[in-house]
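Shown next, in structure tokens, is the structure this report addresses.
The values are calculated or read from the model by the stated rules, or taken from the named source; none is laboratory data. Keep in mind that what you see is a predicted model, and the values were worked out from it rather than measured. No Cβ is skipped: glycine too gets one built from the backbone with ideal geometry, and neighbour counts run over all protein chains shown. Surface accessibility is based on the protein's heavy atoms, side chains included, excluding ligands, DNA and RNA. Shrake-Rupley method; radii C 1.70, N 1.55, O 1.52, S 1.80 Å.
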Amino acid sequence: MSIIFERNILYVKIRDILFDYNIEKVIETNGVFIVLLDIPTKDNTVNNIYGIANDDIIWRIQSYLKIDPHFKQTSYVHILKKEDNKIVAVDFCGCRFIVDPLNGKIIGRENSIR
């Protein structure tokens, strides 16, 4: 299935899903569409990655503050799919988080490649 989105709307089979922000990127893995929203620089919105399946939002990425309450969380700016179908989410500061695409839970961190 092709991925179609325009500004802040993801077009799916049955209905369209409207987000508060424009869509930056969409990738598909294991039947789940992973949607990264484009957050304006001066906006404090975080956790801007969603999982879509069966024409509905099934999860929003877990807040890293639940894992480390002292972490200075920023919005995500990039997502990519690894060979094992896990998702890597990169935040504004360059921190890389490994995400389970089936439930949006952060299951690890990854060192950046420089």
Relative contact order for the chain: what percent, with Cα pairs under 8 Å and sequence separation of 6 or more? 17 percent
Specify which residue in the list ASN47, ASN103, THR74 is farthest towards the positive end of the charge dipole of the chain, using unit charges on the beta carbon of Lys, Arg (+1) and Asp, Glu (-1), about the Cα centre. THR74
What is the magnitude of the charge dipole of the chain about its Cα centre, with +1 placed on the Cβ of each Lys and Arg, -1 on the Cβ of each Asp and Glu, and no other charges, expressed in debye to the nearest 20? 300 debye
Would you mind listing how long the chain runs along its three principal axes, going by Cα atoms, in whole Å with the largest first? 41, 34, 27
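With the other protein chains left in place, how much accessible area per residue, in square angstrom, belongs to region 1-104 at a 1.4 angstrom probe?
Accessible area per residue: 58 Å².
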